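Bear in mind these aren't lab numbers, they're just calculated from the coordinates by the rules spelled out. None of these values were measured; they are calculated from a predicted model. So basically every Cβ, Gly included, is an ideal-geometry build from the backbone, and we count neighbours across all protein chains shown.
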Amino acid sequence: MQTSTVKSLCRQNLALLPSVIAQPGYNPAEVTTGIVHIGVGGFHRAHQAMYFDTLMARTGDLSWGICGVGLRDDDRKMQQALAGQDHLYTLVEKHVEGERNARVIGALTRFLLAVDSPEAVIEQLASPSVKLVSLTITEGGYNMDPATGEFQVDDALVQHDVDNPDSPKLVFGYLLAGLKRRYERGLEPFTLLSCDNIQHNGAVLKKMLCAYIGLCDTKFAKWVSQNVAFPNSMVDRITPTTTHDDIAQLADSGVTDAWPVVCEPFAQWIIEDSFCNAKPALNTVGAQFVKNVAPYEKLKLRMLNASHSILGLCGSLAGIQTIHECMQSKAFHNLLTEFMQWEVAPTLDPVPGIAVAEYQKILLERFANPNIKDTLTRICSQSSAKIPVFLVPTILDNLTNEGRYDIGALTLACWFYYSARGTTQMGERLQIDDSLADELHEAALNGATAFLKQTHIFSNLSQFTEFHKSYMAWVNRLLANEPVESMVTELGVSPVD
Ligand code: CS2
């Protein structure tokens, strides 16, 4: 392709884009802001924004545009990339066989960086056109103590926000300011939809937000708890980090996009049918409204996300780089089959409309997609916030119900080694992105038991003698330099084989 034919992505160039890149099915200039989304990363752009894009194209109701909000200074890169292209971006679905479907998403209307303009964010939240506020602020963003389930009040940023209600730093301060302004103006509150990988994410958001508001205004906390809807939701779509190659490949097909998103073809969104403001007809574009999301969340977190963490932590020690490379190893493939069948399935509740065996099979196929190239570095990032949600509850359930937990124990042993040494078993340095990395390293230097005794991560797991024994056995074998693959192979053999 000649450079001169490559078009930069913006509204003006939409009609000139090559036909292999699908256009929004509506005029993005006519979209109005009905949603504020806090935490615009790849996942939001591949998932919720895609659903709203399809919804607007399908129904012609253009009132579901999204104003993105970034709370961290780090979000500036995204703000700038999107501002330079009228908030349009390309979403590329990569299929197992190599086929790619690229489309331009036009659902984002604007992007505000809270650190630059807190007042603009609060005013946007208070806008009468806003009906829904959604969040992807990561598992760690809820300020919840995993051991007690309570809001962590002793946090300098929480205190800062209580003292500075007009220029908060955390999400809770913004939500309070936005809700209060609406209340004072006699406007209905917005629905607050958490889209993070947390069991009971809506209920957790409600509890944390109301606890925060309670520190500032107990009467208003009560009003929020009675008048704002916080639907729980299960979200799913594997979205790896965008690479330079992804950008170059798009340029080869004729479009310059500063920050496209790539993802798998699969997408799922199950939302509790509980709204206090207008409800988008997402059921017409593949999402599902249900009465009770809990069994779906549990299935997804315990099967998909925990399996990811297992591949991430065990695979990192083996020097593997990506999820699909793990899946090319029969031993890792078998390990996941065993884990899902023997350690997870017995802990699940019946999931309406989903056959668990079929779900497992599809998951293994999704992980094996060679075109996604999801890195173990991404999967292991913020393990300190993920493991307490994805894996520890399953192990605890199995300890209570005399179930199996060896694969869980091996994974935690690998995490200990990963935190203590920061290398593969061959001594190559690993890139560790975790806000608790130093703390985890310190704990691990005090030994494997001290590592497991971090109750804010592992709850009371260290007190279960049989679990401690299993974990220590794996730790000792890893420290004796036995390759993790041999343990993976050993555990990948079904007891009924
Ligand atoms: C991953 C998730 O971050 C992780 O550890 O398991 O990002 C996963 O890819 C998504 O939840 C898929 O829906």
Taking only C-alpha pairs under 8 Å that are 6+ residues apart, what is the relative contact order of the chain in percent? 14 percent
What order, most packed first, do the peptides 303-313, 446-456 have when packing is the mean number of other Cβ atoms within 10 Å of each residue? 303-313, 446-456
Once the Cβ-Cβ distance between Ser63 and Gln23 is put in as r, and R0 is 25 Å, what FRET efficiency do you end up with, to the nearest 0.05? 0.80
For the peptides 213-224, 314-325, what is the packing order when you average, over each peptide's residues, the other Cβ atoms within 10 Å and list the highest mean first? 314-325, 213-224
Can you check what the Kirkwood hydrodynamic radius comes to for region 333-436, Cα pairs only, in Å to one decimal? 15.5 Å
Three-way shape call for the chain based on the alpha-carbon gyration tensor, with the a/c threshold at 1.5: oblate
Taking N as the number of residues in region 404-497, what is its Cα Rg relative to 2.2 N^0.38 Å? 1.09
Given region 261-312, report the % of alpha carbon pairs whose separation exceeds 15 Å. 61 percent
Taking the chain and counting helices only, DSSP H stretches of n ≥ 4 at -39,500 (n - 2.57) each over all residues, the nearest-500 ellipticity at 222 nm comes to -12500 deg cm²/dmol
Length-normalised contact order of region 37-140, Cα under 8 Å, at least 6 apart, in percent, tallies to 35 percent
With the cut-off at 1.5 for a/c, could you classify region 47-133 from its C-alpha gyration tensor as rounded, prolate or oblate? oblate
Loop-resident GluC sites (Glu not before Pro) in region 131-206 with no more than 14 other Cβ atoms inside 10 Å, DSSP not H/G/I/E/B, are Glu150
Honestly region 449-497 on the Cα gyration tensor test (a ≥ b ≥ c root eigenvalues; a/c under 1.5 rounded, otherwise a/b vs b/c for prolate or oblate) is just oblate
What ranking do Trp259, Trp64 get, fewest neighbouring Cβ atoms within 10 angstrom at the top? Trp259, Trp64
Write out the chymotrypsin sites (Phe, Trp or Tyr not before Pro) in region 270-338 meeting two conditions: DSSP loop, and at most 11 other Cβ atoms within 10 Å of their Cβ. none
Name the long-range amide H neighbours of Thr191: under 5 Å, sequence gap of 5 or more, or other chain; modelled H, no Pro or chain starts. Leu132, Val133, Cys276, Asn277
How large is ³J(HN,Hα), in whole Hz, for each residue of region 255-270 in order, when computed from phi with the Karplus curve 6.51 cos²θ - 1.76 cosθ + 1.60 and θ = phi - 60°, using x for Gly and Pro? 9, 9, 10, 5, 8, x, 10, 10, 7, 7, x, 5, 8, 9, 8, 10
